[in-house]
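Derivation of every value follows stated rules applied to the coordinates shown; laboratory data play no part. Because the structure is a prediction, the values reported are computed rather than measured. Cβ coordinates were reconstructed from backbone atoms using ideal geometry, including for glycine residues, and neighbour counts include every protein chain displayed.
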Amino acid sequence: MLLLTLCAIIVESMPQKFNPRNIKLIVGLGNEGSEYENTYHNVGWQALDYLAGSTHFKKMGSKPFRFAKISALPPLIKPLPFMNVSGHGTAAAYEMDWGIKNIDDDAPQQKKSPRNVIVIHDDSDIPIGEYKIQFGGGSAGHKGIISHIQKLGSESFWRIRIGIRKMPHAETVRPQRLKAGDFVLSPITNEDALILRSVFEHVAHDLELREHQ
């Protein structure tokens, strides 16, 4: 039986409070290709698919990303082609005139900032069914985040870290310690797909995205 109570948001200590209305670009990390489509490593793209609902992602000329735009909501960005170089695609989208600007109450006149960007990605240190919203910090070895720090020139952007760590059994609170490479590229099980869908629903609520289906 699916335990939806597993899904919990954990907001880590951060220098500023998360305000979804300050987010102007929503990025999901993944790898292009059918062999990666339904793997744990692609939960960032899967989250964007959920948020986009029936809206299709499309290319913009030769730019290294796909995007979906729904009404007045922030654009949803899938950097291409692979996770390890995904910062290049996000940087290209960031430079475009999407209306990204700093609208924080303490600095309403400043130009756009990486802190108006949020990146959704998998995290093998967090149990499946949980996720964390975090501002700044290092990469924790995630190559997609390393690429973003390099290309945006800053660690000061938001992240939604979606847990994919398998739990050995329901009574255990610590995640099973396996090498991330042993499972991140494996297909998502049917049970885990239902758990992740519940996570995506919570993420949509936290981002105040009301128009997804």
Q) Quick one: PHE67, PHE82, fewest Cβ neighbours within 10 Å first, how do they rank? A) PHE82, PHE67
Q | Spin-label pair ASN19/LYS58, simplified geometry with 7 Å Cα→Cβ offset, distance in nm | A | 3.3 nm
**Q.** Cut-off under 5 Å, modelled amide H: who pairs with PHE157 long-range
**A.** GLY136
